[in-house]
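Single-structure report; data block below.
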Amino acid sequence: MGKDCTKTNENIYFKCRKEAALYDERLRSRESAADLLGVSPSSLADYELGNTKVVPVDKVHLMADLYNAPQLRTMYCKYDCPIGAFLTVATEIMSLDTIVLKLLNGLEEGKLTEVKKQLISIAATGGISPENVHSIDDILMYLERIVEPISALKLLCEKIKAAVEGL
């Protein structure tokens, strides 16, 4: 095989490296990228071809920084970490307009005011009790709708900030 994988690959590690290679020629070849990551080319090939069940977390962190792909961290947490699987996090970079629309859709004015009043009432009565546990469940379901767009906004800002600082 030559310097690069010839078969079509939809693996996120491969995609992120190829996207980063548009701006950093050192990432065009697997060998050069592997050297920068401190892994063998065959290990990087295994990550990019999906032959490695779980990529080591330190390598994911390095790839996220080197490729300016913060979504690699959240994808790892969401899909490879058994604890993170329970978290609501964005796992892809979205456009600002998409994020804003999702966030505004989740922040329904009337519902937000109602949730605020419910939380104040629950806190004022001494906390979560068997009588209001269902209200808390409803509140959490509502708040979950805005967690992902907030997470997506953080990813987008992290990516843009890294790109600007890299100039």
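If I go through the range 89-117 residue by residue, how many of them are in a helix (DSSP H, G or I) and within 31 Å of the chain's Cα centre (by Cα)? So the count comes out to 19. Of the residues making up the range 118-138, those that are outside any helix (DSSP H, G or I) and either open to solvent by 60 Å² or more (accessible area, probe 1.4 Å) or among the aliphatic types (A, V, I, L, M) (or both) are THR125, GLY126, ILE128, PRO130, GLU131. Restricting the range 76-96 to residues that are under 13 Å from ILE150 (Cα atoms) and of a type outside the set (A, V, I, L, M), the residue that is most open to solvent (accessible area, probe 1.4 Å) is GLU92.
Here ARG30, ARG73 are screened, and the one residue that is surrounded by 13 or more Cβ atoms within 10 Å (Cβ to Cβ) and more than 14 Å from the chain's Cα centre (by Cα) is ARG30. The set of residues in the range 6-45 that are among the hydrophobic types (A, V, I, L, M, F, W, C) and not in a helix (DSSP H, G or I) comprises LEU22, VAL39.
Each residue in the range 125-141 was checked for being of a type in the set (Asp, Glu) and closer than 24 Å to PHE86 by Cα, and 2 pass.
Across the range 139-167, the number of residues qualifying as more than 22 Å from ALA64 (Cα to Cα), at pLDDT 90 or above and open to solvent by 90 Å² or more (accessible area, probe 1.4 Å) comes to 1.
Could you say which residue among LEU96, LEU103 is touching a Pro at 6+ places or on another chain (Cβ under 8 Å) and either more than 20 Å from LYS159 (Cβ to Cβ) or touching a residue at least 40 places away in the same chain (Cβ under 8 Å) (or both)?
LEU103
The lone criterion from (1) acidic (Asp, Glu); (2) under 16 Å from the mean Cα position of the chain (by Cα); (3) crowded, with 16+ Cβ neighbours inside 10 Å left unmet by ASP65 is number (3).
The values are calculated or read from the model by the stated rules, or taken from the named source; none is laboratory data. Bear in mind that the values here come from a model prediction, so they are computed numbers and not experimental data. All Cβ positions, glycine included, derive from the backbone under ideal geometry; neighbour counts span all protein chains shown. Quick note on the areas: whole protein, heavy atoms, side chains included, nothing else; ligands and nucleic acids left out. Shrake-Rupley method; radii C 1.70, N 1.55, O 1.52, S 1.80 Å.
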